[in-house]
1. Within the range 51-106, can you find the residues that are small (Gly, Ala, Ser), buried (at least 22 other Cβ atoms within 10 Å of the Cβ) and closer than 16 Å to LYS169 by Cα?
2. Take ALA187 and tell me if it is crowded, with 16+ Cβ neighbours inside 10 Å, among the small types (Gly, Ala, Ser) and farther than 24 Å from CYS52 by Cβ.
3. With a cut-off of at least 3 residues that are at pLDDT below 50 and within 17 Å of GLU105 (Cα to Cα), name the helices (runs of 4 or more DSSP H) lying wholly within the range 1-88.
4. Provide a single number: the residues in the range 193-207 that are over 22 Å from the mean Cα position of the chain (by Cα) and surrounded by fewer than 16 Cβ atoms within 10 Å (Cβ to Cβ).
5. State which residue pairs qualify: first residue within 18 Å of THR176 (Cβ to Cβ) and free of Cβ contacts under 8 Å to residues at least 60 places away in the same chain and inside the range 71-100, second residue among the hydrophobic types (A, V, I, L, M, F, W, C) and surrounded by 15 or more Cβ atoms within 10 Å (Cβ to Cβ) in any location, beta carbons under 8 Å apart, and separation of 6 or more residues or different chains.
6. Looking at the range 160-175, which of its residues are among the hydroxyl-bearing types (Ser, Thr, Tyr) and either assigned by TED's automatic domain parsing to the domain that holds LEU102 or closer than 15 Å to ALA197 by Cα (or both)?
7. Do the conditions hold for LEU185, that is, is it over 22 Å from LEU56 (Cβ atoms) and outside any helix (DSSP H, G or I)?
Amino acid sequence: MALMQQSKLNIVPGFKKMEPAKSTYHKFDLKNLWEKVLSGDKDALGRLFNQCFDSLYGYGYRITPDSENVRDAIQEIFFQVWKYRKNLSVPDSVEAYLFISLRRELLNKKKASQRRDDIDNKYYLEEFDALISYNNWNEILNLEEEDSKKLKRSIENLTPRQREVIYLKFYEGFSTEELSQILDLHAQSIYNLVFSAINQLRFFLDN
């Protein structure tokens, strides 16, 4: 296992273990890096890794709160990108592609030790609300100062699926189309989830 991890580190130049934080980058830059990776540029792979790591880590940790497991999964998806680069094309959204890959990788690991029904019920964790900026929520919901004090408790009353879609939309900034790809849901289902989550938050805040 150590040898496998070392081989992955070698093909991700500039790899470093960093603390999770919100990444800032332009999607155009990611596409440029992706194209360079597909052409065999290892330095571009390292830059892509470092630019996307924080957001991927933040999302992955909410699926499974195991730091090493999440880091291993992130390395694995970049290892697979490099290994199969000649068979890959440029996706509409590089970021969404990586989120989909990470989500699948982490859930596949859970499948190995749990029944699918257990995963459906348990893999969505309360951590989905942990790092959301409550100032952002205040702005999204047009909250008064006194209402913002109820916000954390209100978010905890959302379903896990609602917390996930709200996190991805308002914290990571994914479009409805990208959310459909990541969560494997129709666009209308995404609209419904967001609409119901916002309405429930308002209800919990008003009562």
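1. Quick first cut of the range 51-106, residues small (Gly, Ala, Ser) only: 55, 58, 60, 67, 73, 89, 93, 96, 101.
Okay, now just the ones that are also buried (at least 22 other Cβ atoms within 10 Å of the Cβ), so 55, 60, 73.
Across the range 51-106, the qualifying residues are SER55, GLY60.
2. No.
3. On the way: elements: 2-10, 27-38, 42-63, 67-83.
So the answer is 2-10.
4. Counting residues in the range 193-207 that are over 22 Å from the mean Cα position of the chain (by Cα) and surrounded by fewer than 16 Cβ atoms within 10 Å (Cβ to Cβ) gives 5.
5. PRO91/TRP34
6. Answer for the range 160-175, where residues must be among the hydroxyl-bearing types (Ser, Thr, Tyr) and either assigned by TED's automatic domain parsing to the domain that holds LEU102 or closer than 15 Å to ALA197 by Cα (or both): TYR167, TYR171.
7. no
The values are calculated or read from the model by the stated rules, or taken from the named source; none is laboratory data. These numbers were taken from a predicted model, which means no experiment stands behind them. Note that we place each Cβ from the backbone using ideal geometry, even for glycine, and neighbour counts take in every protein chain shown.
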